[in-house]
1. When region 126-157 is examined, which residues are found to be closer than 14 Å to Tyr99 by Cα and either outside any loop (DSSP other than H, G, I, E, B) or not small (Gly, Ala, Ser) (or both)?
2. For region 78-125, how many residues are assigned to a loop (DSSP other than H, G, I, E, B) and either at pLDDT below 95 or among the hydroxyl-bearing types (Ser, Thr, Tyr) (or both)?
3. Of everything in region 146-186, what is of a type in the set (Lys, Arg) and open to solvent by less than 10 Å² (accessible area, probe 1.4 Å)? Give them in sequence order.
4. Suppose we filter Glu67, Glu32 for residues that are open to solvent by 50 Å² or more (accessible area, probe 1.4 Å), outside any strand (DSSP E or B), more than 15 Å from Leu110 (Cα to Cα) and of a type in the set (D, E, K, R); which single one remains?
5. Quick check: is even one residue across region 113-126 farther than 18 Å from Pro75 by Cβ and touching a residue at least 40 places away in the same chain (Cβ under 8 Å)?
Amino acid sequence: MEQLPLFGRSQVRELEAARYGSTPAEHEQSAESLEAWKQRIINFQSALRSQPPPLPTDLFGQVPEAEAIARQIDPWQLRQRSLAFWRWPADSAGAAALYFVIDYHCSLLLYVGETVKANQRWKGEHGCKDYVARYQALHNQHEQPCEVGIAFWLNAPTQTRPRQQLETILIEYWRSPFNKQNWRQWGTPFTM
C-alpha cells in the first residue's frame, strides 16, 4: 500500500525555505544535474572498490598501520541502519565508531565520520543531517529514488587521535562529498 504525502511539493519547498532561511529557488537543481553530480562520484568510488590503488608506504617501505586498517573497512559491507538510529532506545552508552552515510540505492558513500558514542552522535546539531535532508528532498522533488542509511564500524580506537586519523584517511580515500575536505572536488550543492 502506497503512503500518500502529507504535503505537496510546493508546500515542502516553502517549509524547507523557512527552516533554512532561504528561498526555494536557491536549492533548485535539475534532475540531470543531480544525476551527473552523483555519477561522477559513483564512478570514482566504484573504481576504488573494484581496483584499489596500492597501499602507500613510508620511507622504509612499510605500510603505516592506520592505512592498512582503513583499507580493510568496506563501508558497503557493514550493517545498514536507519538515519533515525539515535531515536531508538539504547542499551548502552555507545561505543567508539567510524560511521558512513550511504545512498544504498546507487552505492554512493556520502559522508565519513567518527564518534566516541555511536548511539548518540546525531542527537544534536550536525551539518551532515542538513545535507542529507536537502539531498533527499531534491530526490523527492524529481521523483528519483534514494535510500540513505548509515553504517557503523565499531572496531574504532577509543582514543580520539587514532580514530580521527582513520577518519581522515577514509575521507581522503573515498572522497565522500558531504565531508568539507572534498567540497572543492565535488562542489557543494547541498550546503548553505
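The values are calculated or read from the model by the stated rules, or taken from the named source; none is laboratory data. Because the structure is predicted, anything quoted here is derived from the model rather than measured. Quick reminder, even Gly has a Cβ in these numbers, built from the backbone with ideal geometry, and neighbours come from all protein chains shown. Just so you know, the surface numbers come from the protein's heavy atoms only, side chains and all, with ligands and any DNA or RNA stripped out. Shrake-Rupley method; radii C 1.70, N 1.55, O 1.52, S 1.80 Å.
1. His126, Cys128, Lys129, Val148, Gly149, Ile150, Ala151, Phe152, Trp153, Leu154, Asn155, Pro157
2. Within region 78-125, residues that are assigned to a loop (DSSP other than H, G, I, E, B) and either at pLDDT below 95 or among the hydroxyl-bearing types (Ser, Thr, Tyr) (or both) number 22.
3. Scanning region 146-186 gives a single hit, Arg163.
4. Going through Glu67, Glu32 in turn, just one is open to solvent by 50 Å² or more (accessible area, probe 1.4 Å), outside any strand (DSSP E or B), more than 15 Å from Leu110 (Cα to Cα) and of a type in the set (D, E, K, R): Glu32.
5. Yes, region 113-126 contains a residue that is farther than 18 Å from Pro75 by Cβ and touching a residue at least 40 places away in the same chain (Cβ under 8 Å).
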